[in-house]
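Note sheet for the following structure.
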Amino acid sequence: MEMRLFPAMIIFLGSYFPLSLILLVQDVKESSWEAPLCNVAQLPSCYLPELANPERALGLLVICTLSLMIFMWLMKSLSGISTLDVVDSKSIPNDLINYVFPYVVSFMGLDLGGDGKFFGFLLFIGLMFLITYRSGQILMNPFLLVAGWQLYELNIITEGHARCVKALSKETVRVGDRLHSCLVHGIYVLYRGEK
C-alpha cells in the first residue's frame, strides 16, 4: 500500500525528536547555564532553565515528541495481511545520511531567534521530507533501529512469485522462515504471527 502523506510526515518528524532536544538545549540562555545546580534538599527553590525562544524551541519539541509517539503506535498497529517464505536473507545497514544533515546544520549556528535562519531550517526540513517521501525511503528511519527494527534485503516467495525485496523486522529473519507481512511504501513489514 502507498503510505499517505500525513502518516509519512508523522514518521519523518518523529525521527527528529533528538534534534528537537538538541535545539532546545542550544536555546537555553547563558544566565541559566551559569546558575548553580539544584539539589534535592532545595527542590522547591529550583527553577527551569530560561529559553531564549521558548515558543519555537518548545514547539519543535512538542511536535517531534507527539510525532514519535504516534509513529511508535503506528508501527505497533500494523498487521500482517499476507504471508511470504524467505529464500535468502541479508541484513543491510540503514541509510542514515538523509537524517544526519539536519543534525549537522543544528551545530553550524542555527539560531532559533533569527527569523531567516529558523524559516530556512524549516524549509530545509520540508525539502528533506519531500525527497525522503518521494524516493520511498520514509521508513529508512533511525528511530526504527532504536525501537529494535532491522532492515533486510530478502529473496522471497509470495503468492507464488519470487521477488527480491526490502523488509523491516523486529526479529532476526532467517532462510526458511514463513512470515506475515504488509507492504508499506514499497517495504515489507514482517511479523512472526498474526497480530
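Just so you know, all these numbers are worked out from the coordinates, no wet-lab data involved. Keep in mind it's a predicted model, so treat the numbers as computed, not measured. Glycine gets a Cβ as well: all are built from the backbone with ideal geometry, and neighbour counts include every protein chain shown.
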Item to complete: Place +1 on the Cβ of every Lys and Arg and -1 on the Cβ of every Asp and Glu in the chain, take the dipole about the Cα centre, and give the residue among Gly186, Leu37, Thr83 whose Cα lies farthest towards its positive end.
Response: Thr83
Worksheet entry | Degrees between helix 5-14 axis and first principal axis of the chain (Cα, 0 to 90, nearest 10) | 60
Practice prompt. Using amide H atoms built 1.01 Å from N in the peptide plane, name the residues 5+ places from Val184, or on other chains, whose amide H lies under 5 Å from its own.
Written response: Val189
Worksheet item: Mean residue ellipticity at 222 nm from the helices of the chain, using -39,500 (n - 2.57) per DSSP H segment of n ≥ 4 over the full residue count, to the nearest 500 deg cm²/dmol?
Response: -13500 deg cm²/dmol
Worksheet item: For the Cα atoms of the chain, what angle does the longest principal axis make with the long axis of helix 54-77, in degrees from 0 to 90, nearest 10?
Response: 20
Worksheet item: Among Cys46, Phe12, Thr172, whose Cα sits farthest toward the positive end of the charge dipole of the chain (+1 at Cβ of Lys/Arg, -1 at Cβ of Asp/Glu, about the Cα centre)?
Response: Thr172
Worksheet item: Quick one: length gained pulling Cys46 to Glu34 fully straight, 0.36 nm per residue minus the C-alpha distance?
Response: 2.9 nm
Discussion item. Here are a few candidate values for percent of Cα pairs over 27 Å apart: (i) 42; (ii) 23; (iii) 33. Which one was actually calculated from the structure I just gave you?
Written reply: (i)
Worksheet item: What lysines could a cross-link reach from Lys76, if we take a straight Cα to Cα line under 26 Å and drop same-chain neighbours fewer than 8 places away?
Response: Lys90, Lys166, Lys170, Lys195
Worksheet item: Using alpha carbons only, how many degrees (0 to 90, rounded to 10) separate the axis of helix 115-134 from the longest principal axis of the chain?
Response: 10
Discussion item. Contact order normalised by length for region 121-195, with contacts defined as Cα pairs under 8 Å and 6 or more residues apart; what percent is it?
Written reply: 21
Discussion item. I need the calculated FRET efficiency for the pair His161 and Ser91, taking r as the beta carbon distance and R₀ as 35 Å, to the nearest 0.05.
Written reply: 0.90
Discussion item. So if I place +1 on the C-beta of Lys and Arg and -1 on the C-beta of Asp and Glu, and nothing else carries charge, what would the dipole magnitude of the chain be about its Cα centre? I want it in debye, nearest 20.
Written reply: 540
Worksheet item: Near the amide H of Asp177, under 5 Å away, which other amide H atoms are found, from residues 5 or more places off or on another chain, if H is placed in the peptide plane?
Response: Val86
